[in-house]
Amino acid sequence: MTAMAQNEAETLFETYLASQGLVFAYEQEAGDGRRPDYWVETAAGVVVCEVRHVTASISNVLGGTVGSLDPYRPLARAVKAKSRQGRGLAGVHPYVVVLWAPGWDVSDFAVSGALFGNLTMVMPLDSDTATADTSQVHTEFGRDAVMHHDERAHISAVAILRQFNPTLRAAQDEIAHQLDDVGRGDIGTSVPVIQQVFQRREADGTFEPDLQKPRLVTYHNPQATKPLDRDVFNGPFDQQWAPMDGEYRQVAAGRLVESLPH
């Protein structure tokens with residue numbers, strides 16, 4: 001498999017595919033003249049992926065150069081921009097929009113809200129007393145959905161590229177154990193402990209500060225004309241979200257997700 005990446009986001013995605021032993025073709029014709037980025041061969045069949053680097057930065061927003069912080073807008077715009085690349089694949093191959101947004105909020109709250117509608121807090125209101133029942137508060141998807149009903153149903157899922165340091169968790173656990181012994185309240189005590197652990201581990205090679213590996217968090221579209229098989233992006237550090245029991249929540253997690261850094 002020859003590397004074909006033309007930008008940072010595609011390089012990271014190719015690294016992920018290689019880590020999962022997945023091979024791909026690059027920019028094949030989709031039948032409507034368009035050429036989506038990656039045609040990935042999987043046990044469930046060909047999955048077509050279009051990769052997008054989201055360049056929006058929270059630091060710029062907070063610095064006043066962009067405007068008020070909207071966690072949904074940059075992600076929603078990126079999905080809309082890549083939507084048309086997969087229109088010719090509706091009902092033929094699963095089509096996944098892959099986003100790399102290193103400077104933006106890619107929490108589950110932000111991503112699911114961008115895709116299915118701004119998240120809102122809902123609670124029953126007692127009309128007699130004009131008070132809300134806070135014991136039944138829950139979240140619902142509201143307006144501005146990128147994918148709802150048959151809107152962009154050719155998008156099977158949106159996957160978020162994330163990076164993590166696989167040597168960090170062990171250092172964090174050791175620090176936590178040592179702080180349990182010496183106490184956490186005194187910064188003069190805790191800081192030397194933290195420094196000593198990282199310095200020793202870096203010296204013996206068990207902590208590599210610059211090591212980063214990619215993983216995917218996939219958000220399935222419940223209205224997809226060609227659903228994405230959950231066995232596709234299910235690496236040991238991957239997570240998947242989809243509807244279950246009336247909620248949109250995590251439905252699958254790799255066997256090593258619990259060992260991700262805090």
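Give me Glu208, Glu29, Glu50 ranked fewest to most by other Cβ atoms within 10 Å of their Cβ, as a rough exposure proxy.
Numbers: Glu208 13, Glu29 10, Glu50 24.
The most exposed by this proxy come first: Glu29, Glu208, Glu50.
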_Separation of alpha-carbon centers, the range 216-247 and the range 156-197, rounded to whole Å_ = 29 Å
_Gyration tensor (alpha-carbon) shape descriptor, the range 1-60, a/c threshold 1.5_ = oblate
*Which cross-chain or sequence-distant (5 or more) residues have an amide H under 5 Å from the amide H of Val98, H modelled 1.01 Å from N in plane?*
Glu50, Val51, Arg52, Ala159
_Test of understanding: ordering Met244, Met4, Met147 by Cβ neighbours within 10 Å, fewest first, what list do you get?_
Met244, Met4, Met147
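Just so you know, all these numbers are worked out from the coordinates, no wet-lab data involved. Just so we're clear, the structure is a prediction, and the values are computed from it rather than from any experiment. All Cβ positions, even for glycine, are placed from backbone atoms using ideal geometry, and neighbour counts span all protein chains on display.
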